[in-house]
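Student: Structure incoming, see below.
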Amino acid sequence: MGWLLGPIVALWRKRAGRPDAGARLAVHGSVRLLLTAALIRIFALNVDLPLTERQFWSVVRVGLLLIGGVWLLLLLNRFLERQIQGRISISHFGESVALLRLARRVTDVLIVCLGVLVALGYFGVDPTAALAGLGIGGIAVALAAQKTLENVIGGFSLVFDKALRVGDVLRLGDVVGTVDQIGLRSTRIRTMDRTVISVPNGQISTVNIETLSVRDKFWFRHVIGLRYETTPAQIRTIVKDLRELLARQPEADLDSVRVRFLRLGAYTLDIELFVYLFATDWNRFLEIQESLLLQVMEIVERAGTEIAFPSQTLHLKDDRVSQPSRAEVDFPTVAT
């Protein structure tokens, strides 16, 4: 029979000292089953068999066709999964693998169920009752696993909307960290403390996600507080020098440069520095910011003033006023 052909050929090739050729001639089990079913069909058509034997071989042939067909479809489904995985970019690989695995398993279950339904229909069993039972059971399972389904659907929405990617640095509520893995039920985030937090996908899909790693510019904004002893001329010089400093910065977005004398504060005279900086990452931005702040301190020092700190000045005034002395008046006594 067909299922014996492959092992016999492989054994003969191995004894003949040609295992490679035998490997090339190896036939998968699903194909062997389909070939065997075809041979049984040819045999039944060309040989005059009694009715009982003909029915027996017909049942065997249909069984082999169903098993081989389902097996072949499962192999094709796995092959398609591997092909799609090979075309996925590295940036989307982590989250896509889990979804592909889920899609493959769901498809495998559907293929097996379809094969069972075809088999039941061939043997005269009405699958309507079974389908109705599966529908009621599916509703019960869906109600029992409501939270799990919510997380799975949330995982699908996160991947398809591209809200999260493995390697993204994000702020999720009070948590700041890097996305390590996007699973079907939860997403793992490695925090700045190097701990791992697993957040359910259903919860992530309902909150605001701030992705820090996709910033095209970094916001540089500081308020420089000067002492109240600073003169208007010194303020004009400082503002002018600060504008020139930001305009000379290679990483600065020149359209966003703003330096203004902002307000008369409670303790300080405030000057605002505002500019967007082009930087590759957060560490580079901190390096540029450090250099700019040091130069700001030098500009303030050259102008002859100082950066203020919260302080209060108490002025005492002597308001002593001389009060006239009270005169004593004698009233005459009237005799009665």
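The values are calculated or read from the model by the stated rules, or taken from the named source; none is laboratory data. Just so it is clear, the model here is predicted, and its values are computed rather than measured. A quick note on method: Cβ atoms are made from the backbone with ideal geometry, for glycine too, and the neighbour counts reach across all protein chains shown. Side chains included, ligands, DNA and RNA excluded: accessible areas come from the protein's heavy atoms. Shrake-Rupley method; radii C 1.70, N 1.55, O 1.52, S 1.80 Å.
Student: Every residue in the range 237-252 that is more than 18 Å from L226 (Cα to Cα) and without any contact (Cβ under 8 Å) to a residue 40 or more places away in the chain, please.
Tutor: Answer for the range 237-252, where residues must be more than 18 Å from L226 (Cα to Cα) and without any contact (Cβ under 8 Å) to a residue 40 or more places away in the chain: E244, A247, R248, P250, E251, A252.
Student: Contact list please: Cβ distance under 9 Å, first residue in the range 103-115 and under 15 Å from L66 (Cα atoms), second residue open to solvent by 70 Å² or more (accessible area, probe 1.4 Å), pairs at least six apart or on different chains.
Tutor: D108/L73; D108/R78; I111/L73; C113/L134; L114/L73; G115/I67; G115/L73
Student: Consider V116 carefully, then state whether it is more than 32 Å from the chain's Cα centre (by Cα), open to solvent by 60 Å² or more (accessible area, probe 1.4 Å) and at pLDDT 75 or above.
Tutor: yes
Student: Residues of the range 230-273 being open to solvent by less than 30 Å² (accessible area, probe 1.4 Å) and either within 36 Å of the chain's Cα centre (by Cα) or acidic (D, E) (or both), which ones?
Tutor: L246, A252, D253, S256, D270, E272, L273, listed by residue number.
Student: Another question about this same structure. Hand me the list of strands (runs of 3 or more DSSP E) wholly inside the range 197-275 holding 1 or more residues that are within 25 Å of A303 (Cβ to Cβ).
Tutor: Counting at least 1 such residues, we get 218-226, 258-264.
Student: In the range 176-208, how many are within 17 Å of G154 (Cβ to Cβ) and either at pLDDT 85 or above or surrounded by 15 or more Cβ atoms within 10 Å (Cβ to Cβ) (or both)?
Tutor: 19
Student: Looking only at the range 277-298, which residues are open to solvent by less than 80 Å² (accessible area, probe 1.4 Å) and within 19 Å of A247 (Cβ to Cβ)?
Tutor: Within the range 277-298, L277, A279, F285, I288, Q289, S291, L292, L293, Q295, V296 qualify.
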